[in-house]
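Engineer: Below: one structure in structure tokens.
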Amino acid sequence: MNKQKVVIGLEMHCEMTSNSKVFSSARNSYNELANDNVAPLDMAFPGTLPTLNKECVRKAILISLALKCQVPKYFYFDRKNYYYPDLPKGYQITQMHDPIGVNGYVIIDTNGYEKKVLIHDIHLEEDSASLDHYSDASLIDYNRCGVPLLELVTEPCLNSADEAVAFLEEMRRIYQYLDVSEADTKKGQIRCDVNVSIMDEDSHTLGTKVEIKNVNSFANVREAINYEIKRQMELKENGRYNEVEQETRRFDEESGTTIRMRGKVDAIDYKYFVEPNLPKYKITDEYLNSIKKDIPLLPRDRKLKYINDYNLTNQEASLIIKDKEYADYFEECINTGIDVKSAYNWLIGNITFYLKDNDITLKEFFIIPTYLKQIIDAINNNTISSKQAKEIFNESLSTNKEPKFFISNNTQVSNKDELETIIDNILSNNPKQIEDYKNGKTNLFDYFVGQVMKETKGKANPVMTKEILKDKLDC
Amino acid sequence: MTELGIVKLHEMLINKEITSEDLIKESLIKSHKLKEKCNAFVTIMDDAKSTPVTDNLLSGIPYGIKDNYSTKDILSTASSNTLKDYVPFFDATAVANLKAAGAVPVNKTAMDEFGMGGTGTTAHTGIIRNPWDIQRSCAGSSSGSAAAVAAGVYPYALGSDTGDSIRKPAAFCGIVGFKPTYGMISRYGLFAFASSLDTCGVLTRSVEDAAIVVDAMKGLDKNDATSWDSSNMHLYESLNGDVSGKKLFYIKEIVDIENYPHATDELKQHLENFHKSLDILSSLGVEITAVSIDKELLKVIPSVYVCLSCAEATSNLSNMTGIIFGPRGKGDNVFAMMKDHRTKGFSPLIKRRFVIGSYILQKENQERYFVGAQKARRLIVDKMKELFNTYDALILPVSTGPAPYLDNSKDELNSDDTALLEEHLQIGNFGGFPSITIPNGIINNLPVGINITGNVYDDINVLNIAYALEAKMNYKDMVVKDE
């Protein structure tokens, strides 16, 4: 068999964050309570009409511009008609004729090389309700029905499961950096359809495309692709490539295989037509420019900045940009005047450990960069040791008080004259204990240390205190 | 008393010559009588409560609501078995606006199922009859509303108009039917038939009342993205009857008797009567011109309407599955249940429309039929808008004469050589134009109507022309007398 090339195209569905749903006034929020975020339209009661959430449009344009897509002159929707119990209207409002973005690209880093992934289009649509199937019944939860959804379609330009996953990870970061989506696979906010085919490496004819629908984690995307490649390769090796059919399959998590759902002949005619209830509206250059201004530096650009400007290694920079909160925290540290090395070490070290131990995010973390600077400055001034820094860090977090309060209290009394005066005072007030000590009760030494500490509110330099005490008691 | 106009009733209420209770009681009694006679209602609200009489002209006065308007806590069936027990939990915006004005709904009027018919014969509660002659049709789909207003049950009833569903029943029942510009009245809560054509409106016995009611129904609505702000338009206040210098046109091809070689006597009289009305307008200083429009363009109007309305209807009524509301269908899986619900719930006429709509929207047919119809719609609308640059309004006779016998009216989407005369009101929906029908004659003891249609947002102008013409004829406030 000739050497084979794998060709993969992805359809990535990502739930958008917004206050309300894309066409109704129901809340758009993760909600454990079923059928709580529901407006009449979400259940398609007769007479209800969709109204457009402009914030969703703005975010859709934002992502479209960030992916270097062309944005159409007019914004409008289409109906995709089909019957399914999770689709109460009997149609989905989506964009077929004029998606909000076409012909864009995104550059990804994968296994040490960079790759330009071509975006066919990205469009705004509404999510369907979610179904829970039981042996004797199915339950419908309309909370998800009408949640704004972005569907991104790549060109068939990915050549391995690694590339596909690297692309999805980069896209997840971009969504998060643009604040368009939480892009949390655990909450089911990202779902993918994967198209896989194989072809002779020297050929120009694409092989037969197989679609795997509704894969809902990146690990499953990898597994589904690899299984499908293996399946197609084996058939080809055995001269049975004609058995690879243009079809829709699904990924079975338990067996790690893909299973046939329907063939091409059963493909649904969605009878698309323009949604008449939402008037077309013009996307002015003014509006586009106002959105362009909101595009922040994207993760990959930030990574390059960290490497070039801050001399971080590729690996270090990758760790920082993995999460937008991290990158934001890191940059804020630099802006407040913390040196790059300290900012990096604290963030990846103590802070990360603390977040993990307490299962919180950076947003909920008490020590903001200006507080962190108090600790780092104190270390740099030799006011505190790095061991004390860790203690102050913990103290600050357990009391929710700025580190500086512990730093000032922590300033050691290291002046010998001062300490001697304090110690002399204590000794003259404890003649009985001195006598006992001299008669062999040597453990009273710690009692005297304690008294000094009590007197100095713990600020006495312990090493010096012990030295002076020893001198005075043992003379 | 309920046969009087709104202004008169309001005056009597203010002067305490009558009470809101009296009016409601009378209206309910008449409702029950008309239900017997014409089968005009799905629901009669016997527990309707009077409202305080305020400065608002509509306060304390009863009215009727077509059954495809969503009414909170009141059965709303759209005259379909698929919704035979459906009680909504929210009011349509237009109904809520009238409630705020103090108006009192006393019944829900029967109609062609989901508004998809023009005969009044497809309601799940049975055939709706014309109060002028119960052997005759009211036309449709706002059949019950037209019958009730004509019978004097109340001064007005709400209707909806996708092709001519307000304006044709108005003509056959000898009353006024007004469909304002698309989007002037919110469609929120109106059960959809064809969204790009559906318009809320009203049936009354005078142009004045139509203006008063639409003033109260209209307004920008955050729940309807196609609604627009008309707060600077005061329809009733703008009625002044001054039409001198206005320019009207009629379409020669539609009105020319020569085009109807098999014309009945009724049609001949109807067209003659139409010209009499034109003469009245001329005498008021209106300039009237016969305009010729490419017959090929006119000929496609009915098919364009069928294509677009059926396509949109197919999709719009996909929410009727019996899962969330409506009687649950039987079957061993959810698709079988949906199919059972729809098979049993919809009448054959509607199913036929769904089949046509589906066919038209199919990938392989879309370009030819759906896109073709959209293009034709655009051409027709462009032609009309071009004419509205020169003329203030279009004036045409409604239908081929008075109401036909129910025996002869088969609602099967058929067309014949008078199709254009029957279907031209659809132009008003293609362009979202304001359009009003008023009675303009009696032929064989039955009323006939005339229609005036103007450019979008030109509602005041259209009402004013109708108002001026109405004043010079004897058909204002016409009520069917019970023998």
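Engineer: Regarding region B:30-47, can at least one residue be identified that is assigned to a loop (DSSP other than H, G, I, E, B) and in contact with a Pro (Cβ under 7 Å, 6 or more places away or on another chain)?
Structural biologist: Within region B:30-47, one or more residues are assigned to a loop (DSSP other than H, G, I, E, B) and in contact with a Pro (Cβ under 7 Å, 6 or more places away or on another chain).
Engineer: Collect the residues in region B:60-102 that are surrounded by fewer than 18 Cβ atoms within 10 Å (Cβ to Cβ), within 12 Å of chain A (Cβ to nearest Cβ) and farther than 17 Å from residue B:217 by Cα, keeping them in residue-number order.
Structural biologist: Selection gives B:87, B:89.
Engineer: List the helices (runs of 4 or more DSSP H) that sit entirely inside region A:345-419 and contain at least 1 residues that are within 27 Å of residue A:321 (Cα to Cα) and among the basic types (Lys, Arg).
Structural biologist: Of the helices (runs of 4 or more DSSP H) lying wholly inside region A:345-419, those with at least 1 residues that are within 27 Å of residue A:321 (Cα to Cα) and among the basic types (Lys, Arg) span A:352-358, A:369-380, A:386-399.
Engineer: Taking region A:221-256 only, how many residues are touching an Asp or Glu at 6+ places or on another chain (Cβ under 9 Å) and hydroxyl-bearing (Ser, Thr, Tyr)?
Structural biologist: So the answer is 1.
Engineer: Suppose we filter region B:173-191 for residues that are more than 14 Å from every other protein chain (Cβ to nearest Cβ) and outside any loop (DSSP other than H, G, I, E, B); how many remain?
Structural biologist: 5
Engineer: Taking the conditions exactly as written (away from chain A (no Cβ under 14 Å), acidic (Asp, Glu) and in a helix (DSSP H, G or I)), does residue B:253 satisfy them or not?
Structural biologist: Yes: the conditions hold for residue B:253.
Engineer: Considering each of A:239, A:256 in turn, give the residue that is surrounded by fewer than 15 Cβ atoms within 10 Å (Cβ to Cβ), in contact with a helix residue (DSSP H, G or I) (Cβ under 9 Å, 6 or more places away or on another chain) and over 16 Å from residue A:8 (Cβ atoms).
Structural biologist: After applying the criteria, what remains is A:256.
Engineer: Of everything in region B:336-352, what is within 14 Å of chain A (Cβ to nearest Cβ), surrounded by fewer than 16 Cβ atoms within 10 Å (Cβ to Cβ) and within 23 Å of residue B:312 (Cβ to Cβ)? Give them in sequence order.
Structural biologist: Selection gives B:343 alone.
Engineer: Kindly indicate the residue of region B:215-228 that is more than 14 Å from every other protein chain (Cβ to nearest Cβ) and either part of a loop (DSSP other than H, G, I, E, B) or aromatic (Phe, Trp, Tyr) (or both) and also farthest from residue B:58 (Cα to Cα) among those meeting that condition.
Structural biologist: Here the residue is B:219.
Engineer: Would you point out the residue of region B:195-209, among those that are within 14 Å of the chain's Cα centre (by Cα) and closer than 17 Å to residue B:141 by Cβ, that is surrounded by the fewest Cβ atoms within 10 Å (Cβ to Cβ)?
Structural biologist: Among residues in region B:195-209 that are within 14 Å of the chain's Cα centre (by Cα) and closer than 17 Å to residue B:141 by Cβ, the one surrounded by the fewest Cβ atoms within 10 Å (Cβ to Cβ) is B:197.
Engineer: Tell me the residue from A:373, A:401, A:363, A:387 that is loosely packed, with under 13 Cβ neighbours inside 10 Å and modelled with pLDDT of 85 or more, please.
Structural biologist: That would be A:363, the only listed residue that is loosely packed, with under 13 Cβ neighbours inside 10 Å and modelled with pLDDT of 85 or more.
Listed here are the residues, each with its yes/no results for (1) in a helix (DSSP H, G or I); (2) in contact with a His (Cβ under 7 Å, 6 or more places away or on another chain); (3) more than 21 Å from residue A:53 (Cβ to Cβ); (4) not assigned by TED's automatic domain parsing to the domain that holds residue A:50.
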site: A:270; (1), (2), (3), (4): no, no, yes, no
site: A:276; (1), (2), (3), (4): no, no, no, no
site: A:279; (1), (2), (3), (4): no, no, no, no
site: A:296; (1), (2), (3), (4): no, no, yes, yes
site: A:312; (1), (2), (3), (4): no, no, yes, yes
site: A:318; (1), (2), (3), (4): yes, no, yes, yes
site: A:327; (1), (2), (3), (4): yes, no, yes, yes
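Engineer: Kindly indicate which of A:136, A:127, A:121 is within 14 Å of chain B (Cβ to nearest Cβ) and either under 22 Å from residue A:98 (Cβ atoms) or modelled with pLDDT under 95 (or both).
Structural biologist: Just a single option satisfies the conditions, and that option is A:136.
Engineer: I've got another one for you. Just one of (1) surrounded by fewer than 19 Cβ atoms within 10 Å (Cβ to Cβ); (2) over 25 Å from the mean Cα position of the chain (by Cα) trips up residue A:184, so point out which.
Structural biologist: Of (1) surrounded by fewer than 19 Cβ atoms within 10 Å (Cβ to Cβ); (2) over 25 Å from the mean Cα position of the chain (by Cα), only one is false for residue A:184: (2).
Engineer: Here is a follow-up. For region A:24-40, enumerate the residues that are within 10 Å of another protein chain (Cβ to nearest Cβ) and in contact with a Gly (Cβ under 7 Å, 6 or more places away or on another chain).
Structural biologist: Listed by number, the list holds a single entry, A:24.
Engineer: If you scan region B:16-30, which residues turn out to be over 16 Å from residue B:54 (Cα atoms) and not hydrophobic (A, V, I, L, M, F, W, C)?
Structural biologist: Residues satisfying the conditions are B:22, B:25, B:26, B:27, B:30.
Engineer: So, one more: Tell me, which residue of region A:49-107 that is in a loop (DSSP other than H, G, I, E, B) and of a type in the set (Asp, Glu) is nearest to the other protein chains (Cβ to nearest Cβ)?
Structural biologist: Among them, the one singled out is A:86.
Engineer: Please enumerate the residues belonging to region A:219-230 that are without any contact (Cβ under 8 Å) to a residue 60 or more places away in the chain, farther than 12 Å from residue A:253 by Cβ and surrounded by fewer than 18 Cβ atoms within 10 Å (Cβ to Cβ).
Structural biologist: Answer for region A:219-230, where residues must be without any contact (Cβ under 8 Å) to a residue 60 or more places away in the chain, farther than 12 Å from residue A:253 by Cβ and surrounded by fewer than 18 Cβ atoms within 10 Å (Cβ to Cβ): just A:230.
Engineer: Right, here's the next one. Just one of (1) β-branched (Val, Ile, Thr); (2) out of contact with any Gly (no Cβ under 6 Å at 6 or more places or on another chain); (3) assigned to a helix (DSSP H, G or I) trips up residue B:82, so point out which.
Structural biologist: Single failed check for residue B:82: (2).
Engineer: Mind checking which pairs have a first residue in region A:444-473 that is more than 27 Å from residue A:383 (Cβ to Cβ) and modelled with pLDDT of 85 or more and a second that is surrounded by fewer than 16 Cβ atoms within 10 Å (Cβ to Cβ) and charged (D, E, K, R), Cβ under 7 Å, 6 or more apart or different chains?
Structural biologist: That search, which allows pairs on different chains as well, returns A:444/A:436.
The values are calculated or read from the model by the stated rules, or taken from the named source; none is laboratory data. On a predicted model such as this, the values are computed, not experimentally measured, just so you know. Using ideal geometry, Cβ is built from the backbone for each residue, glycine included, and neighbour counts are taken over all protein chains shown.
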